[in-house]
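In what follows, a structure is listed as C-alpha cells, so that the remarks can point back to it.
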Amino acid sequence: MLATAAVVMLGGSIDQKGVQAVVCFTAFAFIAQVQAFRLPHSAAGSISFLPYLSSALIAPNWVTVCAAFGSMVVSELIRRPALEKALFNIAQLVLSIACGIIAFRLLGAEGLQPNRLVPGIPYVFLVTTFFVVNTGAVSGVIALSRQQRLASVWREHAFRTLLFDVVAVVVVYSFVWVYLKVDLPGLVLLAVFVLGTRQLYSTTLELAQANQDLLQVMVAAIEMRDPYTSGHSQRVSQYSKVIAKAIGLSPKEVERVGVAALLHDVGKIDERFAQILQKPGRLTEEERLIIEEHPVRSAELVAMVNGLQDLVKPVRHHHERWDGGGYPDGLAGEDIPLTARIIVFADTIDAMTSDRPYRPALGPADVRRELVKHRAKQFDPYICDRLIESDLYEQLFAICGTRVEPQVEAPVEAPREVRAPEPVIAA
C-alpha cells in the first residue's frame, strides 16, 4: 500500500467528470474481471486492465486506485479463488496501477480532458510502468513456484504478451477518446464490442484446450496397452518444450514442438506393433524392421488431421540421426526437420532417465556425458551445446523426478568422429 500512499501524497484534482469516468470504467473492469477466462496451467485471463488504465489516464489520483481496489475485492469474493491467489491478484493490480500513476504524475502530467491532447511521454511511462510491475510480480510468483530464475521467467512472459501489450496502448487511448467525445453511450457500445471479442477469444481458446486434452487422452489410451512406456509421450512432450525454449524458439513454436512430440509414437496403436512391443526379450531382425515402421505410421495418422499438417514431417523423422544413420529415410544434418531433431533429444533423455531391467535410471551428470558423447553423431551439435549450457537443463530432471545435486564436473570434450559410433539407448 506504499504506492497507494504515494499517489495520495501526490494529490491531484478530483472533479465530477473525473469521478464519473472512474465509476464507468471501474464498472466495465468489474464485469470483465468477473468473466475472466481460463488459461492453460490453471491460470486466468482478463481484459479488466484496459478500463483500469483508461480510468488512470483520465483521473490519475487516489480515486482510481481505491476504485480498482474495491472492484477487485468484490470480484475476487464472487469468483472465490484460493485466499493467497485472491490476495495476490488484488495486491499486484493495485500496485501496478499506483506505480503507473506515480510515473505519470512525476512527469508533470494531468488527467486527459476533452480539449487537451494526450501527453505522449507521460502516457507511455504510465502504461510501461504498469506492465513492468504487473509482469514482474506475476513472473516472480511463477519463478518461486517453479524454482526458476526470475529473469528467464519474466523474459518469457514479457515476450509472449509483448504484441498484445502494444495493442493495449492503442485500445486504452481509444476507450478514453470515445468516452470524452461521446460520453457514456459511446463507452457502452465500445464495451459491448470488446466484451464480445473477448468472448470469441475465450471460446476459441477453450476449443483449442479441448483439442489438446483430447490428444492427451488419446495418447494415454494408446500407452495403456504397454504399461512399460506409460506416460512416455507426455514426458517427451514436456522435455521437447524445455529444449525448444533452451534454443530460443518462440512460445508458439514451443507449443507446436510439444504437440509433435506428444504424437510422435501415435502410430504404435497399429495392431502389427502390439505383440512386438509387449515382447520381453530381444527383437529379431524382422521384428526390428517392423518396429522401425512406426514413425511412418505415426506420420500417416497425423496427416489425416487438417490442423496438424505442419507436424507430419517432424513425426516421421523423429528417429533420424544427425550422421544419417537413423530411420525411416536416413536423413542427415539439417535435412532433418528442426522439431524432429528436438524430439530425438527428448526421446533419448526419457529412455536414459527411466529405470530399465538392465540398469537404473541415469542421473543428470551421466545424461550430460551421453549427450556430449554422441554430439554430432546422433544429436544436432548446436542443440546439444545450447541445451547443456542452458539454465533450463535442470528442468528436464524435474519432469522425470530426478533430483539435481550440485556438483563440480571436469569439462567433457566432444568425441572425435568415428565411422561406427556406439548407439545410444533409444525408446
Computed lengthening from Glu300 to Gln147, 0.36 nm per intervening residue step minus Cα-Cα distance: 51.1 nm
Any of Lys245/Lys313; Lys241/Lys313; Lys252/Lys313; Lys85/Lys252; Lys313/Lys377; Lys279/Lys373 with alpha carbons more than 24 Å apart? Name them for me. Lys85/Lys252; Lys279/Lys373
Accessible surface ranking that places the most exposed of Arg341, Arg297 first, with a 1.4 angstrom probe: Arg297, Arg341
Percent of accessible area on segment 46-149 owned by carbon and sulfur, 1.4 Å probe? 67 percent
Percent relative contact order for segment 247-300, counting Cα pairs under 8 Å at least six residues apart, stands at 48 percent
Taking the Cα centre as origin and putting +1 on Lys and Arg beta-carbons and -1 on Asp and Glu beta-carbons, what dipole magnitude results for segment 267-387, to the nearest 20 debye? 440 debye
Need the C-alpha centroid separation for segment 335-397 versus segment 287-301, integer Å. 22 Å
Separation of the Asp329 and Val73 label points, Cα + 7 Å toward Cβ, nm: 6.3 nm
Taking the full set of protein chains and a 1.4 angstrom probe, give the accessible area of Ser250 in square angstrom, rounded to the nearest 10. 50 Å²
With every protein chain present, what accessible area does Trp322 have (1.4 Å probe, heavy atoms only), rounded to the nearest 10 Å²? 60 Å²
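The values are calculated or read from the model by the stated rules, or taken from the named source; none is laboratory data. In this text, all values refer to a predicted model and were calculated from it rather than measured experimentally. Positions of Cβ are backbone-derived with ideal geometry, glycine not excepted, and every protein chain shown enters the neighbour counts. These area figures cover heavy atoms from the full protein model, side chains too; ligands, DNA and RNA do not enter into them. Shrake-Rupley method; radii C 1.70, N 1.55, O 1.52, S 1.80 Å.
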